[in-house]
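Notes for the one structure printed next.
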Amino acid sequence: MQTHSLLEKLIYSSLLSIVLLVLLSSTITAEDLPPYMAPISGRTAASPAETATKNVLALNAAMFELYDNAHQIFERNILSKHPVILGLFSGAGGRFILYRPGKAALEAPSVPVVYQLLKSIDHSTMALAQVVGPYLDNSADQSWRGPMLAYRSRMQSALDSLDETPMPPQWRDNDRTILHNNIAFMDDCLAKRAVSFAALETFAKKQAPHLKLDVEWAAQTQVAHWMTVLADWKKMLGGDWEKTYAASNTIYATRQNNVLFSVLAQFFEPQAMNDRLILIETISFTTSPDEMMDALTRIIADRSDGALFFGNYYQMDYELMGGDARAAIISESAKLGIKPFLPPVVPFDSKQWPMRITPGPGPGSLSDLP
C-alpha cells in the first residue's frame, strides 16, 4: 500500500510539472526565447475566417487521398469482371494490350517495321524545313550549316543501306527518290551558303507526291495489322466481347480520324461509343498503360457517382458544372450585349464520335489536297 501511494505521488508530481510547463510556456514572449530561436520565432496571426476557409478547403485535398485508396479497389473490381483493351499511341505504330479476368496481360505483336521505315524517311524530309526555317533569306547567319552537315551524313548512310531494308521494291524506289532529293537540297544550300524561301518551297512541292505515297502505305500497313489483331481477340473472347471496355489515347493533332480508336470502333457496335469504347485525351504523344488504366477506371467509377447523386449514369462523363456554366454564359452575354457562341446541347449518353463530325467545305484528307 505504501509503495502504491508513493507511485501515485510521483505520477501526480510529474503531471503537475507538465501543467506548470504548459502554463509557463503560454506566457513566454519573443524576448524570453533564447537567441538561437530569434531567426525563426515570431507571433502568428490568423483570423477566424482564414482558419475556417483552410478547414473547408482541406476537405477537397483529403478527398483525393480517399479517392486514390478506393481507386485501386475499383480497378481490381473492373478487371475481375471485364476484359479491357488499351490502344496506346507510339512511334512504332501503336501498342495494343488485352487484360482478361484472371489472366496475365496479353500484348499484341508490333506493327511490321516497314511502317517505321516509311515514317522515318518522311519525317527526315519534313525535318529539313525545321532545320532551315529560322534562317531563311538570312545569309549573314551561318549557324545552320553544322546541324545540316551532320544530318546530311545520316541521310547518306540511310540512302547507302536502303536496299537492305525490308520493304517492297516499289516502296523502296519511292524512298530512294525522297532521300536523293533531300541530299540534293542540302548540298545546294550548303554550296550557296544560304537558304532561300523559294528554294525551300520548290523542294517541298517536289517531295509532296512521294511523301503522300509513303503516308498511304504506312496507313495500310498499320491498319491491316491492328484489324487482324482485334479480329483475333474478338473471336478469342467470344461472348465476353459484349462486356469488354476499350480505350485509346490522343493528343490534339491526332484526335481527328485517330487511327487506333477508329480501328477499335470497327469491332464495337455503335451503341458502345462513349460507353465501353472511350477516347482519352492527353498532352503527351505516349501514355503508359498504368496511366491509361487509371484514366479509364476513373471514368467508369465516376459514372456510379453520377447515378447515385444525380440519377444519370453518364453525367460525370461531362464537366459537372457545364450545364449551369452554359446558362451563366448566356446570362452574362446578354448583360454584355454579345451573342452567345456555344455548341448544341447533346445528351449525356450521346453515341456520336468523340471528335469533329459536322461536315463542311474544304479538304479533309491528303487525297483532297492538290
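The values are calculated or read from the model by the stated rules, or taken from the named source; none is laboratory data. These numbers come from a predicted model, not from an experiment. In this analysis, Cβ positions are derived from the backbone assuming ideal geometry, glycine residues included, and neighbour counts consider all displayed protein chains.
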Answer from ILE278, ILE283, ILE338 - the residue that is aliphatic (A, V, I, L, M) and free of Cβ contacts under 8 Å to residues at least 24 places away in the same chain: ILE338
Pairs with Cβ under 6 Å, 6+ apart, first in the range 183-209 and in contact (Cβ under 8 Å) with a residue 24 or more places away in the chain and outside any helix (DSSP H, G or I), second among the polar types (S, T, N, Q) and surrounded by fewer than 17 Cβ atoms within 10 Å (Cβ to Cβ): ALA194/SER139
Residue match in the range 337-346 (condition: surrounded by 14 or more Cβ atoms within 10 Å (Cβ to Cβ), at pLDDT 95 or above and not assigned by TED's automatic domain parsing to the domain that holds PHE96): no
Residue list for the range 164-180, restricted to those being part of a loop (DSSP other than H, G, I, E, B) and surrounded by fewer than 14 Cβ atoms within 10 Å (Cβ to Cβ): PRO166, PRO168
Every residue from the range 132-163 that is buried (at least 16 other Cβ atoms within 10 Å of the Cβ) and free of Cβ contacts under 8 Å to residues at least 24 places away in the same chain: LEU162
Qualifying residue in the range 261-282 (condition: under 13 Å from the mean Cα position of the chain (by Cα) and over 18 Å from TRP226 (Cβ atoms)): yes
Subset of the range 36-94 (residues that are part of a helix (DSSP H, G or I), in contact (Cβ under 8 Å) with a residue 24 or more places away in the chain and either in contact with a Pro (Cβ under 9 Å, 6 or more places away or on another chain) or among the hydroxyl-bearing types (Ser, Thr, Tyr) (or both)): LYS81
Test: residue in the range 333-342 that is in contact with a Pro (Cβ under 9 Å, 6 or more places away or on another chain), of a type in the set (Ser, Thr, Tyr) and under 25 Å from THR244 (Cα atoms): no
Count of residues meeting criterion [part of a loop (DSSP other than H, G, I, E, B), at pLDDT 95 or above and of a type outside the set (D, E, K, R)] in the range 256-282: 4
Unique match (being part of a helix (DSSP H, G or I) and over 18 Å from ALA246 (Cβ atoms)) among PHE309, PHE285: PHE309
Some residue of the range 118-130 being within 19 Å of TRP241 (Cα to Cα) and either small (Gly, Ala, Ser) or assigned to a helix (DSSP H, G or I) (or both): no
Count - residues of the range 220-236 that are loosely packed, with under 15 Cβ neighbours inside 10 Å and touching a residue at least 12 places away in the same chain (Cβ under 8 Å): 2
